[in-house]
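J.: Quick one: structure below, then a few questions.
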Amino acid sequence: MAAGPMTSPVRYDPLDEATLADPYPQLADLREQTPVAWHEAMECWLLTRYEDCLRVLRDHETFARDPRRVGVQVPHAHLSVQVLDPPQQAGVRSLFMTALHAQDLDALQRSVGQTIHERLRQCAGQPVAEAMRDLAQPVALAAIAGLLGITPPPLAEWVQTSDAIMRSMDAGLNPELIEPSRRARGQLSDLVSSWFTATGRPSGLLGHVRSHAPHCGPEQAAYIRHTARVMFQGGYSTLTAALGNVLHTLAHHPEIGPALRQHRDLVRTAVDELVRFDGPVQGTTRLATGDVTIGDVHVRRGEKVTVLFAAANRDPHTFEAPDRLVLDRTPNRHLGYGWGTHACLGTVMAQRVLTVLVDALLDTQIWPRPAGDATRRPTATMRTFARLPLSLHP
């Protein structure tokens, strides 16, 4: 058993250009050679086996999402459903999940479908479309704003704000990201406050939340607003990344189009498989609340444990032929959006949007093809594109 943190013999730099382009070979080496590896720069244990990752995500008693449980102070503005652990998060999470289930997701899906078809027509009119700017970002913003029942902010301004917040998730690797993120979070908090103070009849998910939580105390009210902020930002950034990754995968696997045209009933399982194959969220971190053993490694109280979804989703002990796209893969218990009580609240909507996108591509017979060098954003937590040039023509 290891006596303490040890440097992994496998080099893993999530911000390295080659890793950003294709992290999966390195993650496979890490999983095979040192499945529980100490990373000096990130100051955490990296977990790459599916079963280890799932164990950490399930065991809230032993592995805390809320740093306060091991004596680490957290700014009050950061406390939301995504940070609070059960049972403290239960009331707010239940409120949001009930509000989600109360929405007419079929109607919202049809509305997003109209946006996707319009965007595809516009892209088809260009020799080369910048798929993130012209398709993924506007579709994701329309979807999350429609779900919440709010008027979306101007796209160009919102993209900058969201990017600053998203990049702050990697502040441990680059402290220079902290101050831009602080300003962006302030702007977003002001926007969220305006949703909760607006007059008139509220609609959408936030309308349900506002109407069903009028008598909560100030602490719960703060958690609700912070969760709305996280749901808007996290839902947008995760869906944008997922849309880009799916488009990129489809462009580099042209055989998928004919296969799905012949078997349209496989679209839903295919979307699940596309998310497993190259998911939007690369990992999440927990803190050990006491000394614990993972594999043959001793993890001490207070040490960080980073669950690498991207590695778990390619674990051959869980997924047969993990580096192949298997469009009818069932079951498919991937961790593309996380898992459990801290998983993305908008997962159901994200899957619907991705399904609508694939259906629209099949209906229009427009299929993405590479049209230049794609560039990944230098972010370790979210796997997304800065630039994705595609040809989108029938």
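J.: Considering Val92, Val83, which residue is buried (at least 19 other Cβ atoms within 10 Å of the Cβ) and in a loop (DSSP other than H, G, I, E, B)?
T.: Of Val92, Val83, the one residue that is buried (at least 19 other Cβ atoms within 10 Å of the Cβ) and in a loop (DSSP other than H, G, I, E, B) is Val83.
J.: Considering only residues of the stretch 123-141 that are in a helix (DSSP H, G or I) and buried (at least 22 other Cβ atoms within 10 Å of the Cβ), which is nearest to the chain's Cα centre (by Cα)?
T.: Taking the stretch 123-141 first, the residues in a helix (DSSP H, G or I) are 123-124, 131-141.
This time we only want the ones that are buried (at least 22 other Cβ atoms within 10 Å of the Cβ), so: 131-132, 135-137, 139-141.
Numbers: Ala131: 18, Met132: 16, Leu135: 18, Ala136: 14, Gln137: 14, Val139: 16, Ala140: 12, Leu141: 14 Å.
Result: Ala140.
J.: If the requirement is being crowded, with 22+ Cβ neighbours inside 10 Å and on the phi < 0 side of the Ramachandran plot, which of these qualifies: Leu327, Leu308?
T.: Answer to the check: Leu308.
J.: Restricting to the stretch 13-37, give me the number of residues that are assigned to a strand (DSSP E or B) and touching a residue at least 60 places away in the same chain (Cβ under 8 Å).
T.: Narrowing the stretch 13-37 to residues assigned to a strand (DSSP E or B): 36-37.
Pick out the ones that are also touching a residue at least 60 places away in the same chain (Cβ under 8 Å) and you get 36.
Matching residues across the stretch 13-37 total 1.
J.: Tell me, yes or no, whether the stretch 273-283 has at least one residue that is in a strand (DSSP E or B) and not hydroxyl-bearing (Ser, Thr, Tyr).
T.: yes
J.: Is it the case, given these coordinates, that Leu47 is crowded, with 20+ Cβ neighbours inside 10 Å and either out of contact with any helix residue (DSSP H, G or I) (no Cβ under 8 Å at 6 or more places or on another chain) or under 20 Å from Val281 (Cα atoms) (or both)? Please lay out each step first, then the result.
T.: Values: crowded, with 20+ Cβ neighbours inside 10 Å: yes; either out of contact with any helix residue (DSSP H, G or I) (no Cβ under 8 Å at 6 or more places or on another chain) or under 20 Å from Val281 (Cα atoms) (or both): yes.
Answer is yes for this residue.
J.: Among the residues of the stretch 338-390, write down those that are of a type in the set (A, V, I, L, M), at pLDDT below 90 and surrounded by 18 or more Cβ atoms within 10 Å (Cβ to Cβ).
T.: Leu345, Ala380
J.: Would the stretch 198-209 turn up any residue that is of a type in the set (S, T, N, Q), farther than 30 Å from Pro368 by Cβ, out of contact with any Pro (no Cβ under 7 Å at 6 or more places or on another chain) and free of Cβ contacts under 8 Å to residues at least 12 places away in the same chain?
T.: Taking the stretch 198-209 first, the residues of a type in the set (S, T, N, Q) are 199, 203.
Narrowing the set further to residues that are farther than 30 Å from Pro368 by Cβ leaves 199, 203.
If we keep only those that are out of contact with any Pro (no Cβ under 7 Å at 6 or more places or on another chain) as well, we get 199, 203.
Still in the running and free of Cβ contacts under 8 Å to residues at least 12 places away in the same chain: 199.
Yes, that holds for at least one residue.
J.: Also, quick follow-up: Which of the following residues is assigned to a loop (DSSP other than H, G, I, E, B), within 29 Å of His39 (Cβ to Cβ), touching a strand residue (DSSP E or B) at 6+ places or on another chain (Cβ under 9 Å) and charged (D, E, K, R): Arg324, Arg301, Arg314, Arg286?
T.: Arg301
J.: Name the pairs: first residue in the stretch 68-84 and on the phi > 0 side of the Ramachandran plot, second residue in a helix (DSSP H, G or I) and of a type in the set (Asp, Glu), Cβ to Cβ under 7 Å, at least 6 apart or on different chains?
T.: Hits for this filter: zero, empty list.
J.: For the stretch 371-388, give me the residue count where each residue is over 23 Å from Gly338 (Cα atoms), in contact (Cβ under 8 Å) with a residue 60 or more places away in the chain and assigned to a strand (DSSP E or B).
T.: 1
J.: Can you name every residue in the stretch 283-319 that is under 30 Å from Ala21 (Cβ atoms) and of a type in the set (Gly, Ala, Ser)?
T.: Of everything in the stretch 283-319, those that are under 30 Å from Ala21 (Cβ atoms) and of a type in the set (Gly, Ala, Ser) turn out to be Gly283, Gly295, Ala310, Ala311, Ala312.
J.: For residues in the stretch 95-112 being part of a loop (DSSP other than H, G, I, E, B) and touching a residue at least 12 places away in the same chain (Cβ under 8 Å), which is surrounded by the fewest Cβ atoms within 10 Å (Cβ to Cβ)?
T.: Here the residue is Ala102.
J.: Quick one: would you say Arg119 is part of a helix (DSSP H, G or I) and within 21 Å of Pro280 (Cβ to Cβ)?
T.: Yes: the conditions hold for Arg119.
The values are calculated or read from the model by the stated rules, or taken from the named source; none is laboratory data. Since the structure is predicted, the reported quantities are computational estimates derived from the model, not experimental observations. Quick reminder, even Gly has a Cβ in these numbers, built from the backbone with ideal geometry, and neighbours come from all protein chains shown.
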